[in-house]
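Have a look at the structure below before the remarks.
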Amino acid sequence: MLYLYDGALDVPRILKEWYEQEASSNYGAYIPFVGTVRSEDGIDGLSFDIYEPILNSWFDAWQQKAKERGAIIKMAHSRGDVMLHESSYIAAVFSPKRRVALEFIDEFVEDFKASAPIWKYDLKDAKRIYALDRSTAIKGSGILK
Amino acid sequence: MVRVEFLGPIQKEPLELDITNLNELAEILKKDETMQGWLENSAVAVNDTLVSSRDFALKDGDRVALLPPVCGG
């Protein structure tokens, strides 16, 4: 369950929808992580490009890992511009027991940062500037050098 | 022909190349000044699957994508 939206995420609505989708699924734990754009370095906001085919296969592999532990993952992400104090990312794990969900959300978000094909840009002075210094080369990069 | 796409911040139009493996692609892109810096930090996908070696055969109709460093969230 991967959801992509143009612009900022409607966090209360998405968290409520996800809660309601699983309200009777007998999961004991619902652990969401919400990423919000902070004011730093004079930015007006962030902007995102997404390559969906590889994002989908990356997410499907994680969903399979979650399933093996009796859990499920939901994720929402923004495309395009997201301004200060708005949110661009929500990930959540539902699982029978809290320990699995707490561990899984950590592993999932870490790999998301390192592997998901999403590119971040700072919005500053009406320019869109690639955030290279905060980005991570995908594992296996550099084979063409 | 093999279609080569440059994703995210790499500001480059797609290429249509007559190549049979990733080694040939590497030789072409190394001569391209606009690719300076991107070859060492980009991952490579063929038909939307990441590959880990440039000894990788390509056939007519394949799609290659270069993925520069990522930062979602």
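The values are calculated or read from the model by the stated rules, or taken from the named source; none is laboratory data. This one's a predicted model, so the numbers in the text were calculated from it and none came from an experiment. Heads up, the Cβs are rebuilt from the backbone with ideal geometry, glycines too, and the neighbour counts pull from every protein chain shown.
Selection over segment A:90-118 of residues that are touching a residue at least 60 places away in the same chain (Cβ under 8 Å) and polar (S, T, N, Q) gives a count of 1.
Of all the criteria given as (1) at pLDDT 95 or above; (2) within 12 Å of chain A (Cβ to nearest Cβ); (3) farther than 30 Å from residue A:9 by Cα, the one not satisfied by residue B:61 is (2).
Within segment B:18-47, if we keep just the residues that are of a type outside the set (Ser, Thr, Tyr) and in contact with a Ser or Thr (Cβ under 7 Å, 6 or more places away or on another chain), the residue that is surrounded by the most Cβ atoms within 10 Å (Cβ to Cβ) turns out to be B:43. Taken over segment A:126-145, the criterion of being modelled with pLDDT of 95 or more and more than 7 Å from every other protein chain (Cβ to nearest Cβ) is satisfied by A:127, A:128, A:129, A:133, A:139. Per the listing A:87, A:39, the residue uniquely over 16 Å from residue A:131 (Cα atoms), of a type in the set (Ser, Thr, Tyr) and touching a residue at least 40 places away in the same chain (Cβ under 8 Å) is A:87.
Taking the numbered list (1) of a type in the set (A, V, I, L, M, F, W, C); (2) without any contact (Cβ under 8 Å) to a residue 40 or more places away in the chain; (3) in contact with a strand residue (DSSP E or B) (Cβ under 9 Å, 6 or more places away or on another chain) in turn, residue A:61 passes all entries but (3). When A:62, A:18 are screened for being within 18 Å of residue A:112 (Cβ to Cβ), in a helix (DSSP H, G or I) and either out of contact with any helix residue (DSSP H, G or I) (no Cβ under 7 Å at 6 or more places or on another chain) or basic (Lys, Arg) (or both), only A:18 passes.
Screening the candidates A:46, A:9, A:55 for the property of being touching a residue at least 60 places away in the same chain (Cβ under 8 Å) and part of a loop (DSSP other than H, G, I, E, B) yields one hit, A:9. Given (1) farther than 24 Å from residue A:120 by Cβ; (2) crowded, with 17+ Cβ neighbours inside 10 Å; (3) within 9 Å of chain A (Cβ to nearest Cβ), where does residue B:15 come up short, assuming only one miss? Of everything listed in (1) farther than 24 Å from residue A:120 by Cβ; (2) crowded, with 17+ Cβ neighbours inside 10 Å; (3) within 9 Å of chain A (Cβ to nearest Cβ), residue B:15 misses just condition (3).
Considering segment A:116-125, the residues that are more than 17 Å from residue B:38 (Cα to Cα) and more than 7 Å from chain B (Cβ to nearest Cβ) include one that is modelled with the lowest pLDDT, namely A:125.
Scanning segment A:82-103 for residues that are surrounded by fewer than 23 Cβ atoms within 10 Å (Cβ to Cβ), more than 14 Å from every other protein chain (Cβ to nearest Cβ) and outside any strand (DSSP E or B) turns up A:84, A:85, A:96, A:97, A:98, A:99, A:100, A:102, A:103. Here residue A:48 passes the criteria (1) within 9 Å of chain B (Cβ to nearest Cβ); (2) under 21 Å from residue A:27 (Cα atoms); (3) touching a Lys or Arg at 6+ places or on another chain (Cβ under 7 Å) except the one numbered (2).
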